[in-house]
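Read through the structure below, which is laid out as C-alpha cells, and then see the notes.
The values are calculated or read from the model by the stated rules, or taken from the named source; none is laboratory data. All values derive from a computational prediction rather than experimental measurement. Using ideal geometry, Cβ is built from the backbone for each residue, glycine included, and neighbour counts are taken over all protein chains shown.
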Amino acid sequence: MDNYSQSKNQSTENFASNSQKIFNGVNYKYYDVIACLFVAVLIISNIASAKVASLWGFNFDGGTILFPISYIFGDILTEVYGYAKSRKIIWIGFLCLIITALTLALVQYLPAAETWTNQAAYESVLGFVPRIILASITAYFLGEFSNSFILAKMKIYTQGKYLWTRTIGSTVVGEAVDSITFALIAFYGVLPLPAMLNLMGTIYVFKVLYEVAATPLTYKIVNFLKRSEGVDYYDKNTKFSPFLIE
C-alpha cells in the first residue's frame with residue numbers, strides 16, 4: 001500500500017474515532033431538521049392512508065406515496081448519527097402518532113355544532129377505527145426498529161462500505177415486517193386471504209422499489225451530512241434494545 005493510501009485510511013479511521021468520542025456532546029445542524037421531517041412524513045402519510053387509490057390496476061392506500069420516505073429518513077439517521085439517535089426519533093414518531101390518533105378521535109366524538117353539517121364526512125375520512133390505528137402504530141414500531149437495527153449491524157459488517165446494500169437490505173426487512181404486521185392486524189378475518197395477500201404484496205414491492213429508486217439521492221444526503229456534521233457513527237458498543245432511551 002502506498003503512502004497516500006495509508007494516509008487516507010488513517011484519516012478515515014481518525015475521523016470515525018473522533019466522531020465516536022464527541023458524538024454525545026455535539027449539537028448537530030441538521031439532526032433536528034431530519035427529525036421534524038421524519039415525524040411530519042409519518043403523520044401526513046397516516047392521514048393520507050384514509051383514501052384507497054388505484055393506478056394502473058393496482059390498489060393502494062394514499063399513505064403509500066409518502067410513507068416510504070420515512071424509511072429513507074430512518075436509513076439516513078442510523079447511517080450518519082447511529083442507532084441510538086435514530087431510536088430516539090422513532091420513539092418521538094411513535095408518540096406523535098398516538099397523539100394524532102387520540103386527537104382525531106376526541107374531535108370525532110365531540111358534539112358537532114348545529115351549523116356544521118360535515119360530521120359524516122369527517123367520520124368517513126378521519127374516523128377513529130381502533131383496529132386500523134393499532135395496526136398502523138404496531139407496524140410502524142416493529143418495522144422502523146427492524147430497519148434501523150439491520151442497517152446498523154450491516155454497517156459494522158461491511159466496515160462502512162457499500163451503502164446501497166445497507167439501505168436496500170434494511171428496507172427489505174423493515175418493510176416486510178411493517179407490511180405483514182399491518183395486514184394481519186388490520187385485515188385478517190375482514191378481507192379474503194387472497195385479497196389480503198395481494199394488497200400486502202403490492203404495497204411491499206412498491207415500497208422496496210421506492211427505496212431502490214431513491215438510493216442515489218440517499219447517497220448524496222448521507223455524504224453531505226457526514227461532511228457537514230463531521231460524524232460517521234459506528235454502533236460497535238451500542239445496546240440495541242428498542243426500549244433503552246439514551
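Quick look at the numbers
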item: Residues (surrounded by fewer than 20 Cβ atoms within 10 Å (Cβ to Cβ) and either at pLDDT 85 or above or touching a Gly at 6+ places or on another chain (Cβ under 8 Å) (or both)) located in segment 182-191; result: LEU184, ILE185
item: Flag if GLY174 is small (Gly, Ala, Ser) and outside any helix (DSSP H, G or I); result: no
item: Residue ID - nearest to TYR30 (Cα to Cα), chosen from residues in segment 222-240 that are over 16 Å from the mean Cα position of the chain (by Cα) and of a type in the set (A, V, I, L, M); result: LEU225
item: So THR115, is it assigned to a loop (DSSP other than H, G, I, E, B) and either of a type in the set (D, E, K, R) or modelled with pLDDT under 95 (or both); result: yes
item: Selected residue [of a type in the set (Ser, Thr, Tyr), on the phi < 0 side of the Ramachandran plot, exposed (fewer than 14 other Cβ atoms within 10 Å of the Cβ) and not in a helix (DSSP H, G or I)] from SER228, SER241; result: SER241
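Okay, residues lined up against (1) among the hydrophobic types (A, V, I, L, M, F, W, C); (2) in contact (Cβ under 8 Å) with a residue 12 or more places away in the chain:
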site	(1), (2)
ALA50	yes, yes
ILE89	yes, yes
LEU97	yes, yes
THR117	no, no
THR138	no, yes
LEU142	yes, yes
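Here's the yes/no breakdown for (1) aromatic (Phe, Trp, Tyr); (2) under 17 Å from ILE133 (Cα atoms); (3) in contact with a Pro (Cβ under 7 Å, 6 or more places away or on another chain); (4) surrounded by fewer than 18 Cβ atoms within 10 Å (Cβ to Cβ):
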residue	(1), (2), (3), (4)
ILE156	no, no, no, yes
GLY160	no, no, no, yes
SER179	no, yes, no, no
PRO194	no, no, no, yes
THR202	no, no, no, yes
VAL208	no, no, no, no
